[in-house]
Structures are given as structure tokens and as C-alpha cells.
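None of the figures in this text is laboratory data; all of them are computed from the coordinates on show. Keep in mind that this is a model prediction, so the values were computed, not measured. Glycine also receives a Cβ, built like all others from the backbone with ideal geometry; neighbour counts cover every protein chain displayed.
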Amino acid sequence: MSIKSDKWIRRMAEQQGMISPFEPGQVKHAADGHRIVSYGTSSYGYDVRCAREFKIFTNINSTIVDPKAFDPSSFVDVEADVCIIPPNSFALARTVEFFRIPRSTLVVCLGKSTYARCGIIVNVTPLEPEWEGHVTLEFSNTTPLPAKIYANEGVAQMLFFESDEMCETSYKDRGGKYQGQTGVTLPRT
């Protein structure tokens, strides 16, 4: 298994639609010229953006968080350019980009240092071979203060690993429950 370079990522995005929309370079400024948290192709990865759809966790209903019987009323839906995550809480969002992962590829997501240095952790499970959809992102605010997440700016980096052999069973083959997800997707069993 080897990590893939910017050249491979560009080729796969342009020829096979692996990432859409796709930014072949690194974007560091908005259209109006002000600095943003960068997104786009990096040396050995792709920095994804967060869309304007957020689900902010709330304990207003005092329910138990149960992955087998998740209560959607545990979230407040917000559509905005900025999401404020309460102290010691979390929010869900999704990537702007839609992914189509090749059968020989596994993708691992890591948070960007700009957010990590602010106590904001990004959590995403690996994108498995032949999975496709918008990636649901989880942002944990580990601080005792409210924290901001900016929509349409970089929030995490995807690292692409290609195997020297094809997997026997892909995510698509086994009918994975998150296949083709769009929008912010809550837990399913």
C-alpha cells in the first residue's frame, strides 16, 4: 500500500470523477482577497471544505446518546457561513466535495492544524473502497469556550492509500448503509 501524490489525485479527480467539485491547486484566499483556511490539492492529500449545513448537538432534551436508537431531536439544524459549537460539545457537517473512491483505494481523514491548535478535533471514519457520497464530518470542541467552524473553507485533509491488490469485497459490494449519502447523515444501524 502506498500514499498517493498530488499528481495521482489530480488524475483520478479529472479522469474518474473521484472528487467533485475538485480544486487542482491550494486555495488560500477568498474571491474578495481575504485569507481563508486553505483547501484543495496538497502534496500528498486533498483538503476538503465544510458545507453550510450543520447539526449542532444539544442536551436540551436530556436524552441518552444511543447509536442504535439515535434521537434526531438531539441536534439543532443550522445553515450558515459559520457554526458556533458550544463548549465541550460537537457538531456534524458534511463536505462540499462528493467522493467516488476507487476499488483499490482507502482514504483516511485528519484534521487541519489550524483547527487542531484551537482544540477542535475532526473525526471521520476511513472512506472504504468503492464508497461514494458526501463525507459526514464530526467536529468536537474540546475547549471550555464556544468555537467557530467556517463553511466553504478547509477543515480536514484526506490522504489516499492505494493497495497493490484489489480488495475481495468493497463497501459497494456489501451494500454499506452510508453508500451514496448526501447531506449530513445521522447514525444508522
Residues whose built amide H sits under 5 Å from the amide H of Leu137, excluding neighbours closer than 5 in sequence, are Ala93, Arg94, Thr95
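Between Val108 and Ile36, what's the calculated FRET efficiency when r is the beta-carbon distance and R0 is 35 Å? Round to 0.05.
Numbers: r = 24 Å, r/R0 = 0.68.
Efficiency at R0 = 35 Å is approximately 0.90.
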Ordered by packing density, taken as the mean number of other Cβ atoms within 10 Å over each peptide's residues, highest first, how do 132-140, 119-127, 172-180 rank? 132-140, 119-127, 172-180
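Where does segment 142-189 land on the Kirkwood hydrodynamic radius, alpha-carbon pairs, in angstrom? Walk me through the numbers before you get to the answer.
Working: mean 1/r = 0.0655 Å⁻¹.
Kirkwood hydrodynamic radius for segment 142-189: 15.3 Å.
Calculate, for Ala69 and Thr142, the FRET efficiency according to 1/(1 + (r/R0)^6) with r their C-beta to C-beta distance and R0 22 Å; round to the nearest 0.05. Could you put the intermediate results ahead of the total?
Numbers: r = 27 Å, r/R0 = 1.21.
The value I calculate is 0.25.
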Relative packing of peptides 90-96, 28-34 - highest average C-beta neighbours within 10 Å first: 90-96, 28-34
Straight-line reach from Lys68: which lysines fall under 21 Å, measuring Cα to Cα and dropping same-chain residues less than 8 apart? Lys55, Lys177
Along each principal axis, Cα extent of segment 1-72, largest first, Å: 48, 39, 19
Cα gyration tensor of segment 66-189 - equivalent ellipsoid semi-axes, whole Å, descending: 27, 18, 12
Using only the alpha-carbon atoms of segment 86-136 as identical scatterers, what base-10 log of I(q)/I(0) does the Debye formula give at q = 0.16, 0.22, 0.31 Å⁻¹? -0.55, -0.88, -1.24
Positive end of the dipole of the chain, charges at C-beta (+1 Lys, Arg; -1 Asp, Glu), about the Cα centre: which of Ala147, Ser2, Leu92 has its Cα farthest in that direction? Ala147
Inter-part gap, Cα centre of segment 133-182 to Cα centre of segment 54-120, in whole angstrom, is 10 Å
Among the aspartates and glutamates, select those whose C-alpha is under 13 Å from the C-alpha of Lys172, and discard any that sit fewer than 8 residues away in the same chain. Glu128, Glu130, Glu132
